[in-house]
Amino acid sequence: MPEEELYSFTSILEASTNKLWGCHFGVPDFVVAALSGAGEARRVVCTLNEKKTFQCALLPRGDGSFLITVNKKLRDQLGLKIGMKVQASLKKDESRYGLPMPEEMAEVLAQDEQANRLFHALTPGKQRTLLYIAGHVKNTDGRIARALAIAEHLKAGQGKIDYRQLNEDLKNSRR
């Protein structure tokens, strides 16, 4: 299998102008063109300052250019502040989901055919959201409880996600 193309560049961390993202950095047009192609997915694996690697998306800025968001946790880990230069390396994300599949979620889906079918019928973005929710807990018991709650929520809603109800289901799973 050929080695994936890696694109490295320097950018400046900027404050976001919307309420969703705290900070972001711009991605050069040639990198976007090389990684996303015409109409292809824009999921990438990003390494910042040669220290932290994470899966993310090239997001449209609205003026034809693209950016990558950097959350507070990552900024704190790397000691980044608005206006600082960041060294970024990007490669196309070839993973199945665009986020890691938590082991506990994989096991729940392997054992529950209906939940597995409903999960895989979701859009890739909704799958990533659920994987993030399931895996964003430090302990195994918490990840198991979340995976089971997500599976039950999918079955109860016949594949439709009500995020308010899911949040309640997740709270109840901790009891």
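The values are calculated or read from the model by the stated rules, or taken from the named source; none is laboratory data. Because the structure is predicted, anything quoted here is derived from the model rather than measured. Counting neighbours? That spans all protein chains shown, and the Cβs are built from the backbone with ideal geometry, glycine included.
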| task | Select from the stretch 136-154 the residues that are buried (at least 19 other Cβ atoms within 10 Å of the Cβ) and among the small types (G, A, S) and write down the one among them that is nearest to E168 (Cα to Cα). | result | A149
| query | Pick from T123, T53: which is within 20 Å of the chain's Cα centre (by Cα), exposed (fewer than 13 other Cβ atoms within 10 Å of the Cβ) and more than 21 Å from F9 (Cα to Cα)? | reply | T123
| request: Check V27 against each of (1) under 21 Å from G125 (Cβ atoms); (2) free of Cβ contacts under 8 Å to residues at least 60 places away in the same chain and name the one condition it does not meet. | output: (2)
| Subset of the stretch 16-31 that is under 20 Å from the mean Cα position of the chain (by Cα) and at pLDDT 90 or above - its residue that is nearest to K72 (Cα to Cα) | C23
